[in-house]
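**Student:** Below are the structure tokens for one structure; questions will follow.
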Amino acid sequence: MTQSHRTTEPEHRKPTTATAMRLIVPLQGVVQGRGGLILGSLIPCALFYLLQFYLKRHRSPNPPSPSTSSSNLAGLPRTSSRSTLSSRGSLGPVRISARGSSIAKPDDSPYYIGLNKFRDDPYDKINNPNGIIQLGLAENTSCLDLIEKWVSENLSDSIMGRDGDDLSISGITTYQPFDGMMELKVAMAGFMSQVLGQAVSFDPSQIVLTAGATPAVEILCFCLADHGNALLVPSPYYPGFDRDIRFRTGVELIPVHCRSTDNFAFSITALDQAFNQARKRGVKVRGILICNPANPVGNIIPRETLYELLDFAREKNIHVISDEIYGGSIFGNEEFVSVAEILEAEEVDKDRVHIIYGLSKDLSLPGFRTGVIYSYNESVLAAAKKLTRFCSISAPTQRLLISMLSDTKFIQEYLETNKRRIKKLYDSFVAGLKQLGIRCSESSAGLYCWADMSGLIPSYSEKGELELWDKLLNIAKINVTPGSACHCIEPGWFRCCFTSLTHEDIPLVIERIQKVAETCK
Amino acid sequence: MAIEIEQPSVSVGLSKVAVSETHGEDSPYFAGWKAYDENPYEESTNPSGVIQMGLAENQVSFDLLEEYLEQQPEASTWGKGAPGFRENALFQDYHGLKSFRQAMASFMEQIRGGRAKFDLNRIVVTAGATAANELLTFILADPGDALLVPTPYYPGFDRDLRWRTGIKIVPIHCDSSNNFQITPQALEAAYKEAESKDVRVRGVLITNPSNPLGATIQRSVLEELLDFATRKNIHLVSDEIYSGSAFSSSEFVSIAEILEARQYKDSERVHIVYSLSKDLGLPGFRVGTIYSYNDKVVTTARRMSSFTLISSQTQYLLASMLSNKKFTENYIKTNRERLQKRYQMIIEGLRSAGIECLKGNAGLFCWMNLSPLLEEQTREGELALWDSMLHEVKLNISPGSSCHCSEPGWFRVCFANMSEQTLEVALKRIHNFMQKRERRRN
């Protein structure tokens with residue numbers, strides 16, 4: 001899943017925004033009722049007030065804002081016009097929609113707050129050694145050198161596409177099929193197959209290409225659920241889903257809590273309970289969204305569980321969306337089974353299964369915006385294809401990728417090296433945390449580890465967790481993602497992304513954590 | 001004896017959006033494309049095939065692009081150890097590449113002859129104008145609300161503005177009595193129509209230069225539109241995707257110019273949509289922008305743009321191209337000249353066949369009046385004529401009814417997506433068709 005480096009505009013420093021935050025945010029906490037009614041009302045209120053106090057203290061001064069930088073726009077007024085308002089009585093500035101307003105609100109999730117803070121003060125070994133080190137964005141830079149090398153050796157041919165004597169950029173300037181060029185679908189099918197070690201063969205005609213996995217997930221939700229319906233999502237889950245899915249579709253996400261005692265594996269019993277509870281509330285569940293390999297925990301769903309999941313989905317007649325974006329980022333010894341493998345082997349209901357994929361994680365190319373919907377349902381494919389007009393992949397990039405993905409030798413080398421390097425970083429990072437007495441859950445995939453820092457939090461609660469998160473961000477100056485942002489029911493867990501670190505960075509990170517850890521004992 | 005009847009298993013359901021017909025792909029507008037796809041004209045291999053005159057694509061200045069890319073190899077070889085590849089590969093910031101936004105802002109200024117200024121921080125990047133229009137609609141209107149759109153309008157709006165957003169389009173009726181210009185009466189009438197149905201109007205969306213009319217909107221009309229929007233306290237979206245395709249720079253007035261003249265009073269309700277698909281002939285690159293004078297809209301649009309970002313590679317490539325002033329000045333000028341020439345060619349060709357068009361001064365198409373040819377002055381009459389144009393004359397042109405034109409008999413005919421030779425062939429076919437009709441009459 002594209003962990004978009006969501007560098008939102010720096011918070012407006014206007015007092016009205018801060019006030020709004022103070023009102024809206026605690027109310028959200030009540031509504032979401034994280035962790036039960038009482039916890040859900042008191043704790044979020046208290047902690048967010050606390051949060052703002054800390055944030056206020058630690059804000060960096062005067063970040064540029066789009067408003068102030070437009071001084072070259074002669075006399076553009078900041079206030080809206082009031083003098084010619086309609087006599088119909090609509091007072092105040094022209095309004096944006098309710099959905100627009102909810103999106104316009106300042107970010108209140110630690111996930112986004114951390115990303116913003118990082119943007120204002122990013123660590124740089126030479127230029128900003130005391131800056132914030134980014135461990136909150138699942139980005140993998142460990143193998144970019146391989147991509148760089150490939151591009152420098154192949155680029156001009158791959159875009160300009162020398163076809164005989166013809167300099168053929170005409171093949172990419174004109175309108176292309178919105179759901180992607182067929183050659184790219186073919187190359188992508190081959191790539192997806194390579195990622196799975198040829199365990200599955202993918203059919204290009206079942207592929208719909210999108211500008212990133214973010215719109216891919218949204219399109220699927222638009223196709224499978226109506227406004228007000230819900231999806232069950234095993235939690236902890238990727239914080240971005242809350243935005244990506246709920247922003248515009250109006251589809252609700254119902255977390256299905258998993259526990260550390262099960263190493264955060266989900267159970268069908270829990271899914272069933274959540275399904276029934278939703279039904280009692282009058283909410284129609286349309287599907288289950290799983291991430292496999294999982295984010296943020298990094299575990300892999302066992303084959304048997306996938307079978308059980310498909311049975312459950314059939315029983316309830318709902319969909320299964322399997323986000324397999326980390327399928328090529330497996331460093332452990334556990335066998336990764338894609339849901340596609342099961343569907344190929346068995347005569348099961350294929351119509352309800354849909355896979356999300358993309359190149360942002362496995363191929364480290366989030367900037368190129370390349371996502372995949374893979375479905376067995378013709379109607380879904382037909383609808384999704386039409387919706388890609390809103391999010392097509394840019395043609396020169398498609399050309400480049402066709403070339404790169406078809407270079408199966410390069411891809412093979414890349415995938416193998418990638419796994420090795422991720423593992424090396426994982427081992428080193430996890431060992432470093434272990435020295436501090438911080439244990440990580442068992443994981444075999446992903447660009448992150450799931451660390452149990454409950455021993456360091458002042459109180460075994462979301463409030464305590466966020467206090468630690470804040471210390472880590474503002475004192476240790478490392479941006480990690482707290483479990484509460486991922487809807488984890490157990491406090492104290494943190495996702496730490498390590499694949500953008502070099503081996504030299506790791507001891508520095510551990511050292512910084514240690515300093516804060518000492519103050520917590 | 002019990003008879004067992006095999007019950008079909010209940011198939012898993014899809015959403016209303018998925019099964020809705022709002023995508024509109026069953027309309028004649030798209031049916032014509034299908035006919036073309038099945039039998040496309042090709043000069044040497046299929047000279048009797050269907051000529052595509054229903055696609056507003058600009059190929060007249062393609063050679064300038066090709067030349068640029070050949071001479072500026074660093075634009076396309078940015079991988080060769082060029083600094084920034086790594087950052088580019090990772091860049092997914094929904095603010096968009098700064099150099100790209102800067103280049104886009106200056107390109108938009110150039111197109112307007114420097115008569116309006118654009119701030120790079122008000123530019124939001126999207127994968128095409130289609131996405132930009134949908135995104136703005138999500139932000140400005142809630143499900144069930146309405147946007148007022150002057151007719152005739154681009155058929156794609158029915159889908160782009162309504163499908164996922166759940167909003168309604170209420171037409172502002174325009175007719176040939178005044179060259180289809182928007183009048184204050186028509187604006188009020190449309191607003192009242194919405195009111196009478198208890199539908200809340202959130203904004204007006206205009207396309208300037210207009211598609212399908214192929215004409216720019218006059219300054220006085222723009223002033224009226226802005227005043228109307230201010231009186232009703234609603235938004236004004238100006239889709240200026242064809243701004244660089246106005247045959248002469250001075251004839252196109254952008255809403256941005258009106259705002260500057262008013263010192264940006266009431267500007268927070270104005271939003272401009274732009275794209276490189278028409279002016280620069282790069283629809284495959286998927287490059288669109290929203291330019292908003294409203295801070296909240298800019299913020300919200302930016303966040304929402306994560307569903308429709310432009311590849312960083314493309315942003316990088318275009319930042320380079322669009323900031324090359326020598327190239328852009330020459331391109332804009334040459335493109336205008338060539339489009340004007342094409343326009344002249346088709347107008348004269350049609351006139352000599354006895355067909356008149358609306359006086360146009362922009363765009364990649366002309367608005368042709370075939371109402372004298374209709375059996376009956378109705379939509380059915382128009383579609384019957386459209387059908388013979390498609391199947392007998394083998395030309396795919398767009399019927400006015402698919403553009404919601406209130407007067408039957410008008411057709412949009414694209415002229416920039418083909419070579420001059422092909423246009424000659426098309427004109428000849430029309431000539432023959434008209435001559436046959438004359439003979440049949442006599």
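The numbers here are math on the coordinates, done by the rules we state, and not lab data. Remember, predicted model here, so these are calculated numbers, not experimental data. Here the Cβ is made from the backbone with ideal geometry for all residues, glycine too, and neighbour counts use every protein chain on show.
**Student:** Is the range B:24-174 best put as rounded, prolate or oblate by its Cα gyration tensor, with a ≥ b ≥ c the root eigenvalues, rounded for a/c under 1.5, and otherwise prolate when a/b is larger than b/c, oblate when not?
**Tutor:** oblate
**Student:** Residue by residue through B:124-134, how many Cβ atoms from other chains fall within 10 Å of the Cβ on average?
**Tutor:** Rounded to a whole number, the mean comes out at 4.
**Student:** Moving on to the next point. Would you work out if the range A:442-521 is rounded, prolate or oblate? Take a ≥ b ≥ c from the square roots of the eigenvalues of the alpha-carbon gyration tensor; rounded if a/c is under 1.5, else prolate when a/b is larger than b/c, oblate otherwise.
**Tutor:** Because a/c hits 1.5 or more and a/b fails to exceed b/c, the range A:442-521 counts as oblate.
**Student:** How high is the relative contact order of chain B, in percent, counting Cα pairs under 8 Å that sit 6 or more residues apart?
**Tutor:** 23 percent
**Student:** Still on this structure: Could you compute the net charge surrounding B:ALA426? Neighbours are other residues with a C-beta less than 13 Å from the C-beta of B:ALA426; K and R count +1, D and E count -1.
**Tutor:** That works out to +1.
**Student:** What list of ³J(HN,Hα) couplings, whole Hz, do you get for the range B:293-308 from phi and the Karplus terms 6.51, -1.76, 1.60, once you set θ to phi - 60° and write x for glycine and proline?
**Tutor:** 8, 10, 4, 5, 5, 4, 4, 5, 4, 4, 5, 6, 5, 4, 8, 7
**Student:** Using R₀ = 41 Å, calculate the FRET efficiency as 1/(1 + (r/R₀)^6) where r is the Cβ-Cβ separation of B:VAL199 and B:GLU109; round to 0.05.
**Tutor:** About 0.65, to the nearest 0.05.
**Student:** Let me make sure I get this right: for the protein assembly as shown, a, b and c are the square roots of the gyration tensor eigenvalues over alpha carbons, sorted descending. Under 1.5 in a/c it's rounded, otherwise prolate if a/b > b/c, else oblate. Which is it?
**Tutor:** Note, shape of the protein assembly as shown comes out prolate.
**Student:** Also: Mind checking the mean number of beta-carbon atoms from other chains within 10 Å of the Cβ atoms in B:317-324?
**Tutor:** Mean number of neighbouring Cβ atoms from other chains: 1.
**Student:** Using DSSP loop states and a limit of at most 16 other Cβ atoms within 10 Å to flag GluC sites (Glu not before Pro), what is the longest stretch of chain B containing no flagged site?
**Tutor:** Result, exposed sites excluded: B:44-374.
**Student:** Given +1 on the Cβ of Lys and Arg, -1 on the Cβ of Asp and Glu, and no further charges, what dipole in debye does the range A:312-351 carry about its Cα centre, rounded to the nearest 20?
**Tutor:** Dipole size: approximately 160 debye.
**Student:** A 29 angstrom limit on the alpha carbon distance is what I want to check against. Which of A:LYS361/B:LYS326; B:LYS16/B:LYS232; A:LYS105/A:LYS471; B:LYS34/B:LYS192 exceed it?
**Tutor:** Listed pairs above 29 Å: A:LYS361/B:LYS326; B:LYS16/B:LYS232; B:LYS34/B:LYS192.
**Student:** For B:GLU392 paired with A:ILE126, estimate the spin-label separation in nm (one decimal), with each label point 7 Å from Cα along the Cα-to-Cβ line.
**Tutor:** Result for the modelled spin labels: 7.6 nm.
**Student:** Where nothing but the Cβ of Lys and Arg (+1) and of Asp and Glu (-1) is charged, how large is the charge dipole of the range B:293-442 around its Cα centre, in debye to the nearest 20?
**Tutor:** In total the dipole reaches around 540 debye.
**Student:** Related question: May I ask you to list the lysines whose Cα is less than 23 Å away from that of B:LYS333, ignoring any residue fewer than eight positions away on the same chain?
**Tutor:** Correct list for B:LYS333: B:LYS117, B:LYS278, B:LYS325, B:LYS341, B:LYS359.
**Student:** Once Lys and Arg get +1 and Asp and Glu get -1 on their Cβ, which of B:VAL273, B:SER245, B:THR328 lies farthest toward the positive end of the dipole of the range B:212-365?
**Tutor:** B:THR328
**Student:** So if R0 is 41 Å, what FRET efficiency would A:GLU504 and B:GLN71 give, r being the distance between their Cβ atoms, rounded to the nearest 0.05?
**Tutor:** According to the calculation, E is roughly 0.45.
**Student:** Report the paramagnetic label zone for A:GLN194: residues of the range A:375-417 whose backbone N is under 13 Å from a point 7 Å from Cα along the Cα-to-Cβ axis.
**Tutor:** Taking a point 7 Å out along Cα→Cβ of A:GLN194, the residues of the range A:375-417 whose backbone N falls under 13 Å are A:401-417.
**Student:** Expected output is a single nm value to one decimal: the length gained when fully extending between A:SER428 and A:LYS105, i.e. 0.36 nm times separation in residues minus the C-alpha distance. What is it?
**Tutor:** Extra length available between A:SER428 and A:LYS105 comes to 112.4 nm.
**Student:** Hey, another quick one. Residues of the range B:380-415 with backbone nitrogen within less than 15 Å of a virtual label 7 Å along the Cα-to-Cβ line of B:PHE30, please, listed as ranges.
**Tutor:** B:402-403
**Student:** If you average the C-alpha positions of the range B:98-134 and of the range A:170-222 separately, how far apart do those two centres end up, in angstrom?
**Tutor:** 29 Å
**Student:** Let me ask something else about it. Before rounding to the nearest 500, sum -39500 (n - 2.57) across all DSSP H runs of length at least 4 in the protein assembly as shown and divide by the residue total; then give [θ] at 222 nm in deg cm²/dmol.
**Tutor:** -13500 deg cm²/dmol
**Student:** Beyond a 20 Å Cα-Cα separation, which of these cross-linked pairs lie in this structure: A:LYS434/A:LYS521; A:LYS477/B:LYS98; B:LYS394/B:LYS436?
**Tutor:** The answer is A:LYS477/B:LYS98.
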